[in-house]
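The values are calculated or read from the model by the stated rules, or taken from the named source; none is laboratory data. Keep in mind that this is a model prediction, so the values were computed, not measured. Methodologically, a virtual Cβ is constructed for each residue, glycine included, from the backbone with ideal geometry; neighbour enumeration extends over all protein chains shown. Surface accessibility is based on the protein's heavy atoms, side chains included, excluding ligands, DNA and RNA. Shrake-Rupley method; radii C 1.70, N 1.55, O 1.52, S 1.80 Å.
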Amino acid sequence: TRSTRPQRLLKAVQKHATRGDPQSVISAIDHFCRHSEWAMNIGDEKGSILDSVVSEVNPEKVLELGTYCGYSTVRIARLLPPGARLITLEFNADYAAIARQVIIWAGLEDKVQLVEGASEDWIPRMKEHFGIETFDFVFLDHWKDRYLPDTKLMEDCGLLRKGTVLLADNVICPGVPDYLAYVRNSLSYKSCYFKSHLEYTKAEDGLEKSVFLG
Ligand SMILES: Cc1ccc(Cc2cc(O)c(O)c(C(=O)NC/C=C/[C@H]3O[C@@H](n4cnc5c(N)ncnc54)[C@H](O)[C@@H]3O)c2)cc1
Ligand SMILES: [Mg+2]
């Protein structure tokens, strides 16, 4: 049967990227998405904004919601200090299998824990299963109708501390209006918008950075 787009993306990584070189994995995926097949990775333009926020926060404990093929997982993990950990949640087994191999190709498997399961099931288990008290940085890039309920769930589970940074992809396209209204109006967040473009296109999109104030 015909291969899937994530499978073709992985093949492009294994063909064009150098094992153990995260930047070459990022470049191979961006080239594949620009010249072969569009895919819903954050991409190079918004990815540079992600890089700058991660570098500014310099987090020890990171949560990513929605791994897909692992592009943003690699972007984030390559910037983490030794000993820092990234937990990424992905409930589609096919995508998780591809992402695992992308992360290994980048040589970042020691920094990344990919959990195959739903955010709503695993957020409440972060303490007892992973010994995580609070996260320093959370990247939201899963189904857009889950951003708000999962943010409230993280609050209720005590996983956010004063200063935790949430960074949300696609706040314009596809858009997350309920989440945006919440973080922009809540007294518990200081929020700001980074204007950019939908990956590999000229359409407007952007990232919302929200600092939890406790
Ligand atoms: C109109 C329109 C359509 C599409 C676009 C283009 C566009 C551009 C983008 O950057 C996008 O991020 C998206 C987008 O839809 N992303 C959804 C991404 C989901 C991934 O996360 C996984 N997942 C989803 N919910 C959960 C969950 N609870 N627990 C664990 N994993 C979950 C899925 O298994 C996927 O691996 C779309 C732009 C505009
Ligand atoms: Mg996205």
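Counting only Cα, what are the radius of gyration and maximum Cα-Cα distance Dmax of the chain, in Å?
Considering the chain through its Cα atoms, Rg and Dmax are 16.2, 52 Å.
Please work out the Kirkwood hydrodynamic radius for the stretch 1-46, using every pair of different C-alpha atoms, and report it in angstroms with one decimal place.
Kirkwood hydrodynamic radius for the stretch 1-46: 10.8 Å.
Compute the distance in nm between two label points, each set 7 Å from the Cα along the Cα-to-Cβ direction, one at Asn92 and one at Phe130.
2.1 nm
Over what distance in Å are the Cα centres of the stretch 166-187 and the stretch 64-85 separated?
The stretch 166-187 and the stretch 64-85 have Cα centres separated by 21 Å.
Taking 0.36 nm per intervening residue step and subtracting the Cα-Cα distance, what contour gain separates His197 from Leu153 on full extension?
On the way: separation 44, 0.36 × 44 = 15.84 nm, distance 2.90 nm.
Answer, rounded to one decimal: 12.9 nm.
With the other protein chains left in place, how much accessible area per residue, in square angstrom, belongs to the stretch 83-138 at a 1.4 angstrom probe?
Working: 2470 Å² over 56 residues.
Here the per-residue accessible area is 44 Å².
What would the Debye equation give as log₁₀ I(q)/I(0) for the stretch 83-192 at q = 0.13, 0.22 Å⁻¹, counting only Cα atoms as equal point scatterers?
Calculated log10 I(q)/I(0) at the listed q: -0.53, -1.37.
Enumerate the helices in the chain for which the Kyte-Doolittle hydropathy averages 0.5 or more and the C-alpha atoms extend at least 15 Å along the helix's axis, using complete DSSP H runs. Walk me through the intermediate numbers first.
Numbers: long enough: 5-16 (16 Å, -1.25); 22-35 (20 Å, -0.06); 43-57 (20 Å, -0.01); 93-105 (18 Å, 0.86).
Passing helices, by number: 93-105.
Determine which residues of the stretch 92-107 fall in the zone a paramagnetic label at Asp121 would reach in this model, i.e. backbone nitrogen under 16 Å from the point 7 Å along Cα→Cβ.
92-97
When ranked by the protection proxy of mean other Cβ atoms within 10 Å per residue, highest first, what sequence do the peptides 56-68, 24-36 form?
Details: 56-68: 21.4, 24-36: 18.8.
Peptide ranking by packing, descending: 56-68, 24-36.
Which one of Tyr193, Ala203, Pro174 is farthest out on the positive end of the charge dipole of the stretch 167-214, using unit charges on Cβ (Lys, Arg +1; Asp, Glu -1) and the Cα centre as origin?
It is Tyr193, whose Cα lies furthest towards the positive end.
If I compute solvent accessible area with a 1.4 Å probe over the protein chains, what percent of it on the stretch 52-142 is carbon and sulfur? Don't skip to the end; give the middle numbers.
Numbers: 1600 of 3420 Å².
Of all accessible area on the stretch 52-142, carbon and sulfur atoms account for 47 percent.
Let's test the formula: R0 of 41 Å, r as the Cβ-Cβ distance of Ser55 and Ser3. What FRET efficiency results, to the nearest 0.05?
Numbers: r = 36 Å, r/R0 = 0.87.
Computed FRET efficiency for Ser55 and Ser3: 0.70.
Glu37 versus Lys190, label points 7 Å from Cα toward the beta carbon: distance in nm?
Going from the Glu37 label point to the Lys190 one covers 4.4 nm.
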